[in-house]
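All remarks here apply to the structure that follows.
Please treat every number below as a calculation from the coordinates, not as lab data. Every value quoted in this text rests on a predicted model; they were computed, and no experiment measured them.
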Amino acid sequence: MENSNKGMGILAMAATAFLWSIAGLFIKAIDWNPIAIAGMRSLVASIVIFAYLRRPVFHFSFAQTAAAITHAVTMLLFVAANKTTTAANAILLQYMAPVLTAFIGSALLKERPHAEHFIALPLVVAGMVVMFFDELGGGKLFGNLLAILSAVTFSFYFVFMRMQKDGSPLESILLSHWLTAIICILISLFLPFPQVNLKSLSAIAVLGIVQLGLPSLLFCYAIKRVSAVSANLIAVIEPVFNPVWVFIVIGEAPGVQALIGGLIIVLSVTIASVISARRRG
């Protein structure tokens, strides 16, 4: 029975990462500003999650509120990064988060980082530097910066989620989507109204339901059945497939430096996670 639950958890986590990976493709398919995309995507996702929870319970503790805020900021930064750099740069730079989480967790959760984290950190930074200076002439510097900031806020989000001792993590996710939707709608009042057509509405529906809403439910199901380290390893599916979809459909290819830097980051995080898993196992 335990192996069956773990197997279902692995499948759910793999499906989550696979659905997450379509973000870059559909974000780039919408000719809207990042604020409008992030707001409408979160609004649709919140409807899916609310329909599932029916009666969400909010404690508004520091951890729950901080998790919601950092997740909202992460979503805004990630959408903006996808609009201002390549999909590959946006997701691969954000994938620095697991290593950063180990060090932020040591400060806020008093969890001591291990040798693999200290080894992985400079390698991740090296990969970041290689990617950071890829095709700067193409105007990707600002987008790369946004992607790095999204990795930092995503790390804080993970830590604040782990701080919560009461309540479901799904409530924090729902709260973050409401917060994102409200902030973006208010800001959008002062921006040019986006062009609404069947293509943009369809893409928003896919982002809100398939890429964000459904994966949120699958993620919360999976995280109760697999270890955090295992979840992190399976999540490698996302940074691998995200730029692949964009390349196949749109033809956007990352530069050679971006591929090298991204490979360094993914391998460093994966190896560190494997070592951590073996220690705990």
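Within straight-line reach of Lys199, meaning a Cα separation under 19 Å, sit the following lysines at least 8 residues removed in sequence or on another chain: Lys28, Lys83. Rounded to two decimals, the Cα radius of gyration of the chain over 2.2 N^0.38 Å is 0.96.
The value of relative contact order for the stretch 2-280, using C-alpha pairs under 8 Å at least six residues apart, is 43 percent. Two numbers describe the Cα atoms of the stretch 1-134: Rg and Dmax, which are 17.8, 50 Å.
Counting only lysines at least 8 places from Lys6 when in the same chain, those with an alpha carbon closer than 19 Å to its own are Lys224. Helices assigned as whole DSSP H runs in the chain whose Cα atoms extend at least 20 Å along their own long axis and whose mean Kyte-Doolittle hydropathy is 0.5 or higher are found at 34-53, 62-84, 115-132, 141-163, 169-188, 256-280.
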